[in-house]
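Working notes for the structure below.
All of the numbers you see were taken from the coordinates with simple rules; none came from a lab. No experiment lies behind these values; they were computed from the predicted model shown. Cβ placement follows ideal geometry from the backbone for every residue including glycine, while neighbour counts extend to all protein chains displayed.
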Amino acid sequence: MQESLVEYGYRRVIITITAVLCALLEIVDTTIVNVALNDMRGNLGGTLSEVSWVITAYAIGNVIIVPMTSWLSQQFGRRNYFAASIIIFTVASFLCGNADNIWELVFFRLIQGFGGGALLVTAQTLITESYPPEKRGIAQAIYGLGVIVGPTLGPPLGGVYRR
């Protein structure tokens, strides 16, 4: 690792908060739809097997993009790749909310999975690079907080949003 990537002061705080919030969003989004599957069946006119693709498509998007993240972030620059991931994730989230049928939702969840998988990996890398080696343990613990809190927030938020 290059020492020039280590940040200090408010820049490191901003990077840390941004990375933790992005990781939290990705993890929440993984679990938020679980509560609403039955409502999706009724509102979007899908069967149980079709609705299960909403979760599966997101996971497939993650599985495809995570191994490519290192190469893509080297090609486009880590900061640019992270920003693009946020944009892809956000736009896909908007499109998921406006889907008219189950297959549109499945497609947009796949795209959302691409953005989300990239967010999770790149956020952790940015935090690691922003801290000096002696403080990386603390940095990863802070990052882990977002990853641990996410699954506990997803289902309740999905239930609140569903109503």
Quick check: residue separation of Asn34 and Gln74 times 0.36 nm, minus the Cα distance between them. What number comes out in nm? 11.0 nm
Net charge dipole size for region 3-162 [Lys, Arg +1 and Asp, Glu -1 on Cβ; Debye, nearest 20]: 260 debye
From the square roots a ≥ b ≥ c of the eigenvalues of the alpha-carbon gyration tensor of the chain, which class results: rounded (a/c under 1.5), prolate (a/b over b/c), or oblate? prolate
Length gain on complete extension for the stretch Asn98 to Val66, per 0.36 nm per residue less the alpha carbon to alpha carbon distance? 8.9 nm
